[in-house]
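First up is the structure itself, then whatever we jot down about it.
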Amino acid sequence: MASLHKRIFTITNLGVKFASTSTNFDHSCKVLILGGGTGGCSAAAKFCYKLGKGNVIIIDPADKHYYQPMLTLIGAGIKPLEAASRPMSSVLPKKAKWIQDSVSKIHPHDNYVTTDCGLKVCYEYLVVALGIETHFEKVKGLQEALENPRSGVSCNYSAKYVDKTCENMTNLEKGNAVFTFPNTPIKCAGAPLKACYLTEDFIRKAGRRDNVNFYYKTSLPVIFSVKHYAEKLLKLCEERNINVSMKQELIEVNHSTKEAKFRSVDRPLEVETVQYSMLHAVPPMAPPKLLSDSSKDLVDHAGYLKINKATLQHDIFPNIFGIGDCTNLPTSKTGAAAAGQVGVLYKNLCSTMSGKDTTSKYNGYTSCPLVTGFGGCILAEFDYDLQPLETFPLIDQSKEHRSMYIMKKDFMPFLYWYGMVRGHWSGPNILRKMLHFGMGK
């Protein structure tokens with residue numbers, strides 16, 4: 001540890017930077033939160049209110065915090081990119097200490113983590129909110145295509161490439177528009193389909209629909225996991241002449257010839273080549289490798305943090321909790337899911353701190369506002385059993401509504417910035433009960 005004495009680390013607490021010189025643990029805290037995304041920010045805010053200044057540390061290397069659900073709207077030209085981000089320093093709670101660094105290893109048996117810069121941070125309780133990572137490199141030629149401004153290839157899952165979706169959509173005059181869903185779990189599983197619907201609506205309103213063929217190719221056996229909404233989504237594709245292919249995985253992109261290759265999930269030797277004018281390609285995604293590299297006891301067989309699906313407490317380490325996309329919770333990976341989880345996590349971690357049983361239960365609630373066009377949205381809400389768990393009893397949420405579109409476009413960003421990341425929003429459970437006169441789940 002002697003080498004630590006000469007190295008300067010960026011530790012941000014109300015904007016102050018200083019050097020770490022400890023030869024044992026550089027920092028220690030009551031609650032350590034790994035990740036400053038949706039789940040991490042929300043949890044940090046709640047615990048800062050309870051524990052006060054100096055007891056919560058957040059580790060995250062990013063300068064900016066993104067409201068990722070807005071990227072779909074940015075790709076369609078509905079919102080500007082700058083509306084989706086704020087400086088990380090302005091989003092994290094002021095009573096928390098922010099270590100602007102990446103976690104290199106978690107030591108769950110010894111209750112500390114190490115960072116890329118060599119810091120050792122000790123904790124009493126750990127909240128893992130590291131999200132899920134995109135892997136463009138796992139599709140041959142995709143990274144090169146995204147970097148080429150004339151490739152016709154874009155992706156709404158990256159702030160770097162999202163504006164290309166709008167450019168490609170605007171420039172699309174004829175040919176094939178292809179939209180993909182990879183053969184891995186992804187965050188916001190409705191986003192690939194939303195990109196397809198929005199582009200189709202734009203082209204139709206621009207008077208070019210007869211010249212463009214639309215293809216939605218998903219690796220899944222269904223268009224959407226919840227049957228209640230899937231039937232309507234398939235019907236919309238049929239009405240709008242969008243060709244849907246199931247169990248098709250994008251494996252290669254050649255931007256020089258504008259060809260995309262798809263492999264059959266069931267019959268891997270079967271490969272289809274599709275010519276495209278526009279390609280919205282969603283990359284494979286995976287949990288952060290540092291989880292499995294840290295300890296096999298931390299993760300399941302796929303590398304996701306292994307936690308109890310009801311209590312969000314780790315199966316082996318009782319002082320570790322998880323939230324959001326990096327966990328093995330069997331529900332869709334969305335910001336709404338993180339909102340539903342954060343209240344449960346907070347109550348159960350507080351109980352654990354007090355030596356009490358974890359009694360709060362997460363029911364798998366998640367939500368996906370399925371934007372179907374410029375002015376239409378199906379608000380899908382469901383639980384672990386893939387059964388509808390809807391908030392608004394007076395409308396049929398399986399149908400398109402302009403009110404749901406306005407809520408997605410204007411109200412939800414406000415709720416996110418001024419409610420959720422400040423620790424004031426834990427999902428619509430209370431609102432649902434009120435609107436259902438106490439009869440809601």
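Brief remarks follow.
- Residue within the range 91-107 that is surrounded by fewer than 20 Cβ atoms within 10 Å (Cβ to Cβ), of a type outside the set (A, V, I, L, M, F, W, C) and closer than 16 Å to Ala260 by Cβ present: no
- Of everything in the range 114-145 that is surrounded by fewer than 20 Cβ atoms within 10 Å (Cβ to Cβ) and among the charged types (D, E, K, R), the residue that is farthest from Phe317 (Cα to Cα) is Glu144.
- Any hit, the range 365-372, residues being in a loop (DSSP other than H, G, I, E, B) and either open to solvent by 10 Å² or more (accessible area, probe 1.4 Å) or of a type in the set (Ser, Thr, Tyr) (or both): yes
- A single entry from Val153, Val139, Val127 fulfils the requirement of being touching a strand residue (DSSP E or B) at 6+ places or on another chain (Cβ under 8 Å) and over 30 Å from Asn176 (Cβ atoms): Val127.
- When Ser332, Ser294 are checked against the criterion of being buried (at least 19 other Cβ atoms within 10 Å of the Cβ) and touching a Cys at 6+ places or on another chain (Cβ under 8 Å), Ser332 stands alone in meeting it.
- Any hit, the range 54-68, residues being outside any loop (DSSP other than H, G, I, E, B), modelled with pLDDT under 95 and in contact with a Ser or Thr (Cβ under 8 Å, 6 or more places away or on another chain): no
- The single condition from (1) of a type in the set (Val, Ile, Thr); (2) assigned to a helix (DSSP H, G or I); (3) free of Cβ contacts under 8 Å to residues at least 60 places away in the same chain that Thr352 fails is (3).
- Any hit, the range 65-82, residues being aliphatic (A, V, I, L, M), under 30 Å from Phe179 (Cα atoms), open to solvent by 20 Å² or more (accessible area, probe 1.4 Å) and in contact with a helix residue (DSSP H, G or I) (Cβ under 7 Å, 6 or more places away or on another chain): yes
- Being among the β-branched types (Val, Ile, Thr), modelled with pLDDT of 95 or more and within 22 Å of Cys368 (Cβ to Cβ) holds for only one residue in Ile203, Ile223, and it is Ile223.
- Consider the range 14-48 and keep the residues that are open to solvent by 40 Å² or more (accessible area, probe 1.4 Å) and of a type outside the set (A, V, I, L, M, F, W, C). The one that is modelled with the highest pLDDT is Lys30.
- Subset of the range 314-329 (residues that are surrounded by fewer than 21 Cβ atoms within 10 Å (Cβ to Cβ), more than 17 Å from Val113 (Cβ to Cβ) and at pLDDT 95 or above): Pro318, Asn328
- In the condition set (1) assigned to a loop (DSSP other than H, G, I, E, B); (2) out of contact with any Pro (no Cβ under 8 Å at 6 or more places or on another chain), Ser89 is compliant with all but (1).
- Some residue of the range 155-173 being at positive phi and at pLDDT 95 or above: no
- Scanning the range 160-173 for residues that are touching a strand residue (DSSP E or B) at 6+ places or on another chain (Cβ under 6 Å) and in contact (Cβ under 8 Å) with a residue 40 or more places away in the chain turns up Thr165, Asn168, Leu172.
- Matching option when the condition is of a type in the set (Ser, Thr, Tyr) and over 22 Å from Asp266 (Cα atoms), among Tyr215, Tyr161: Tyr161
The values are calculated or read from the model by the stated rules, or taken from the named source; none is laboratory data. Nothing here was measured: the structure is a model prediction, and the numbers come from that model. Note: ideal-geometry Cβ built from the backbone for every residue, glycine included; neighbour counts use all protein chains shown. Protein only, heavy atoms only, side chains kept; ligands, DNA and RNA dropped before computing areas. Shrake-Rupley method; radii C 1.70, N 1.55, O 1.52, S 1.80 Å.
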